[in-house]
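J.: Before anything else, here's the structure in question.
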């Protein structure tokens, strides 16, 4: 909103409010957008009719059995249902996955809510040291 100074009252000016809005730039922008959409709309529709063949995809093989590491609140580690130790964790997981690539193998970690952060990070560091980089954390659904 602008102001217009009027009169010569010896230091006293009368301020008159100017409340006119210049809509010319707004109209120009809207017209340009209208032209762009009028040109682009016919390009988005396909007018050439083609008889497409049906896609027949082979069913994907079942993913390998997932590897679950469980950490109890007292720090006990389990791979699946078998107990393990932090020092032998990498070798035990390798024997569990067999000939599969450790770098592409996803490891699921289930931990009790009372597990110490240091115990959890010990497991994470041991997994990284042994080449297991794809780790997922399992939580309880409510």
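The values are calculated or read from the model by the stated rules, or taken from the named source; none is laboratory data. These figures come from a predicted structure and were not determined experimentally. All Cβ positions, glycine included, derive from the backbone under ideal geometry; neighbour counts span all protein chains shown.
J.: I'd like to check something: does the stretch 33-47 contain any residue that is at pLDDT below 90 and touching a helix residue (DSSP H, G or I) at 6+ places or on another chain (Cβ under 7 Å)?
T.: Scanning the stretch 33-47 turns up no residue that is at pLDDT below 90 and touching a helix residue (DSSP H, G or I) at 6+ places or on another chain (Cβ under 7 Å).
J.: Moving on. Report the residue count in the stretch 48-71 for those that are over 29 Å from the mean Cα position of the chain (by Cα) and either modelled with pLDDT of 90 or more or closer than 12 Å to residue 126 by Cβ (or both).
T.: Qualifying residue count for the region: 0.
J.: Another question, if that's okay. Can you find a residue that is surrounded by 15 or more Cβ atoms within 10 Å (Cβ to Cβ) and under 26 Å from the mean Cα position of the chain (by Cα) anywhere in the stretch 72-86?
T.: No, because not a single residue in the stretch 72-86 is surrounded by 15 or more Cβ atoms within 10 Å (Cβ to Cβ) and under 26 Å from the mean Cα position of the chain (by Cα).
J.: Within the stretch 92-133, work out how many residues are part of a loop (DSSP other than H, G, I, E, B), within 16 Å of residue 77 (Cα to Cα) and either under 23 Å from the mean Cα position of the chain (by Cα) or in contact (Cβ under 8 Å) with a residue 60 or more places away in the chain (or both). Step through it out loud before you land on a result.
T.: Taking the stretch 92-133 first, the residues part of a loop (DSSP other than H, G, I, E, B) are 98-105, 112-116, 130-133.
Restricting the remaining residues to those that are within 16 Å of residue 77 (Cα to Cα) gives 112-116.
Cutting the leftovers down to either under 23 Å from the mean Cα position of the chain (by Cα) or in contact (Cβ under 8 Å) with a residue 60 or more places away in the chain (or both) gives us none.
Residues meeting the conditions: 0.
J.: Looking at 116, 77, can you tell me which residue is within 21 Å of residue 139 (Cβ to Cβ) and in contact with a strand residue (DSSP E or B) (Cβ under 6 Å, 6 or more places away or on another chain)?
T.: Values: 116 fails: in contact with a strand residue (DSSP E or B) (Cβ under 6 Å, 6 or more places away or on another chain).
One residue alone meets the criteria, 77.
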